[in-house]
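Below you'll find the structure, written out as structure tokens, and then a few comments.
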Amino acid sequence: MKPEKFPKKKPSVQAIDPTFSVPALTGDTAFFKKPKIASGKPRKKEIPEGLWTKCPKCSEMIFDRELDENLKVCPRCEHHFPIGARERIHALVETCSFQEMDADLVSVDVLKFSGAATYTSKLEANYRNTGLTDAVVTGIGMIGTQRVALGVMDFSFLGGSMGSVVGEKLTRLIEAGTDRRLPVVIISSSGGARMYEGMFSLMQMAKTSGALAYHAAARLPYISVLTHPTTAGVMASFASLGDLILAEPAAMIGFAGPRVIEATTQAELPPGFQTTEFLVEHGLIDAIVSRREMRERLKFYLESMMSGLAGRAA
Ligand SMILES: [Zn+2]
């Protein structure tokens, strides 16, 4: 079933938008939707829409509920589908142990950015479509027996881009980790800095890295988990600063895209360049961890790292 839209809210926002999308959206009632038979593929009707997903890697048709139960990992070929931040947190932390921080922090359109659409209208569409207030959810929760400062990015919110809110929420999270002597775990998924906030986005790279430096100076562990895709400004700051860097299989990880690198260096790139597997071989990533094993592996690493810490302090 499709989520219901709220056509009443739209006209005030959409009025600024010069495109002609309004009629299509206001026609979103049961009355107007029903006669949509004209799309001419009668066979598809046998499979109810939204119940099955086709795996892009092995073409297996997977029952959506099975995919959800399997943490959005294809049961046949291990392809990792995108997963939302809240779903991921739910899968990682002990039940009811997660206390979210700064949930009401939202972006301001400081640059009055306007292009094909204004930044404000983009933000509003993303609030509606994702139910998130920005591209990261942060808070304190238990992974196994260890309390951790956990930040999880969500690619579905503006491509997981890092603007002032993502940077500020992560910085506050890391600082809370330092104050309470907790390990930090950040799960990244990002297209990089958020262009709508220009320089303010770039400053977040220095800010998050600075907070991590204080966290490291307090001799506390930071585990960075890279997921598909982790690129650009996020990869060039906190995502690559982990004491331990884990990554999900077959994730695209890098700074600039391969085409840009090829054009700049005038060299042909090796096969598998910018994938998890390639980067493990070359020492940038410590281990490939399947999403289904992530919780157990994090528990193990956190326990080992924190017990070492207790031993040293004693
Ligand atoms: Zn598959």
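Bear in mind these aren't lab numbers, they're just calculated from the coordinates by the rules spelled out. The structure presented is a predicted model; accordingly, all values stated were derived computationally and were not measured. Backbone-built Cβ (ideal geometry, glycine too); neighbour counts: all protein chains shown.
Positive contributions from Lys and Arg (+1) and negative ones from Asp and Glu (-1), summed over other residues with Cβ under 12 Å from the Cβ of Phe273, come out at -3. Restricting the stretch 132-225 to trypsin sites (Lys or Arg not before Pro) that sit in a DSSP loop and have at most 12 other Cβ atoms within 10 Å of their own Cβ leaves Arg180, Arg219.
Neighbours of Ile285, meaning other residues whose beta-carbon lies under 11 angstrom from its beta-carbon, give a summed charge of -4 when Lys and Arg score +1 and Asp and Glu score -1.
Find out how many positive minus negative residues lie around Leu105, taking Lys and Arg as positive, Asp and Glu as negative, among other residues whose Cβ is under 13 Å from that of Leu105.
Values: positive: Lys169, Arg172; negative: Glu100, Asp102, Asp104, Asp134, Glu168.
Residues near Leu105 contribute -3 overall.
The length gained on full extension between Glu175 and Ser209, counted as 0.36 nm times the residue separation minus their Cα-Cα distance, comes to 11.1 nm.
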